[in-house]
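Report on the following structure.
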Amino acid sequence: MDWKVIEPYPLVRVMVECDAPLIRRRETVSDTGELIVIRFEYLKIQNFCKRCQRLSHDTRVCPERVGAQKQQRDSHRDLNQRRDAEEDRRRRKAPRA
């Protein structure tokens, strides 16, 4: 790990797993028992998904987004099928003139 302190923040070069979400903050306790919150800011990130925080793909093709869209389409399709079936039942029960 390379690092140097530039006021007011230290810059640290790290290696990360592309398939794991980026760590945005970490909490630790000092020797005196004080809670310390460390926030991480990443520079020069490419191909970053803002939805799942991974570096392996862009937000447009996020598997979580694609899965959510498919689930929403399936839900709409199921709702339409139930409405159609209910309409068919009403038509069959309606007296014919």
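What to note about this one:
- Count of residues meeting criterion [in a loop (DSSP other than H, G, I, E, B) and at pLDDT below 90] in the range 31-62: 20
- In the range 1-22, residue modelled with the highest pLDDT [restricted to those that are under 14 Å from Lys44 (Cβ atoms) and in a loop (DSSP other than H, G, I, E, B)]: Leu22
The values are calculated or read from the model by the stated rules, or taken from the named source; none is laboratory data. Remember, it's a predicted structure, so these values are computed and weren't measured experimentally. Note that we place each Cβ from the backbone using ideal geometry, even for glycine, and neighbour counts take in every protein chain shown.
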